[in-house]
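Engineer: Dumping the structure here so I can ask a few things about it.
What follows draws every value from the coordinates through simple rules; no lab data is involved. Just so we're clear, the structure is a prediction, and the values are computed from it rather than from any experiment. Backbone-built Cβ (ideal geometry, glycine too); neighbour counts: all protein chains shown.
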């Protein structure tokens, strides 16, 4: 097999959650550019439809679906619609997530629940539904978007509940990787560092301070995660499962 064939995902069927904007949108478009038919799951249907339209302009099939990743019934229906439309599922990128900066002692219960339900429970529900198709077909790659915050404590902002949820995603993925290895279904995490997105835009006043802590001295651009996702989605990573790939400009290497 040539190198280009090893990294090829041409003709694969993929789904990306939270793909209406930010990192999810960039990854969904990259998968389409690489030859995948892509389903877009987002809580904002209008955004999902626009991304799907961009994918179709590339000559790939796309499906825009509205679903809240914290609702099991909505996720179940979304994945059923995907399989009905495309017949199978080869790649599942669980990207949907939220973050709230606040001190632990001041965090209201509803904020804790929102963070954990979206970032951890949402990933679990999507993995569960993806597995219902991938396990019987004995193939598939699940890529859960965690964060470098799953392995470190951030500074100066405070979001203990967010970090705990992302640490949970990393360990959940390792557990699923072991459970599903006999079915040739791989589960890995991609952990981005500080990135220029709509989500971190709310903390733009901290960007210059973050940059002083990053060895590369700048925030990441969403496109800089494409390579890792293509690797994890393709046969190039056929022996990679239960791994956490940290792409953070050297932040956690300090």
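Engineer: Please state the relative contact order of the chain as a whole percent: Cα pairs under 8 Å, 6+ residues apart?
Structural biologist: Relative contact order for the chain comes out at 19 percent.
Engineer: May I ask for the angle, rounded to the nearest 10°, between helix 122-137 and the longest principal axis of the chain, with both axes built from Cα atoms and the value confined to 0 to 90°?
Structural biologist: The answer is roughly 20 degrees.
Engineer: Which whole-number percent is the relative contact order of the range 164-222 (Cα, under 8 Å, 6+ apart)?
Structural biologist: Computed over the range 164-222, the figure is 29 percent.
Engineer: Further, regarding this structure: Sorted from fewest to most neighbouring beta carbons within 10 Å, what does the list 239, 162 look like?
Structural biologist: So the ranking, lowest neighbour count to highest, is 239, 162.
Engineer: Can you check how the C-alpha radius of gyration of the range 108-147 compares to 2.2 N^0.38 Å, as a plain ratio?
Structural biologist: The range 108-147 yields a ratio of 1.46.
Engineer: If you don't mind, there's one more thing I want to ask. Need one number: convex hull volume per residue for the chain, Cα atoms only, in Å³.
Structural biologist: 124 Å³
Engineer: Any chance you could check the Cα centroid distance between the range 55-87 and the range 171-192 for me, in angstrom?
Structural biologist: 22 Å
Engineer: Related question: With springs only between Cα atoms under 10 Å apart, run a GNM on the chain and tell me which of 133, 240, 73 wobbles the most.
Structural biologist: In this elastic network of the chain, the residue with the biggest mean-square fluctuation among 133, 240, 73 is 73.
Engineer: I would also like to ask the following. Using helices alone, what [θ] at 222 nm do you get for the chain, with -39,500 (n - 2.57) per DSSP H run of 4 or more residues, divided over all residues and rounded to the nearest 500?
Structural biologist: The helix contribution divided over the chain gives -13000 deg cm²/dmol.
Engineer: Can you give the three extents of the C-alpha atoms in the range 58-128 along their principal axes, from longest to shortest, in whole Å?
Structural biologist: Result for the range 58-128: principal-axis Cα extents of 49, 27, 18 Å.
Engineer: In cubic angstrom, how much convex hull volume per residue do the alpha carbon atoms of the range 33-78 span?
Structural biologist: Cα-based convex hull of the range 33-78, divided per residue, equals 61 Å³.
Engineer: What ranking of 56, 102, 109 emerges when the number of other C-beta atoms within 10 Å of each C-beta is taken as an exposure proxy, fewest first?
Structural biologist: Least crowded to most crowded, the residues run 109, 56, 102.
Engineer: Give the span of the range 132-199's Cα atoms along each principal axis, as three whole-Å numbers ordered largest to smallest.
Structural biologist: 45, 22, 15 Å, listed from the longest principal axis down.
Engineer: Round to the nearest 10 and give me the degree value, 0 to 90, for the angle of helix 72-86's Cα axis relative to the longest principal axis of the chain.
Structural biologist: Helix 72-86 and the main axis of the chain meet at about 40 degrees.
Engineer: Please give the helix 22-33 orientation as an angle from the longest Cα principal axis of the chain, in degrees from 0 to 90, rounded to the nearest 10.
Structural biologist: Once rounded, one gets 20 degrees.
Engineer: Here's another thing I want to ask about it. Rank the residues 169, 93 as a footprinting-exposure proxy: fewest other Cβ atoms within 10 Å of their Cβ go first.
Structural biologist: 169, 93
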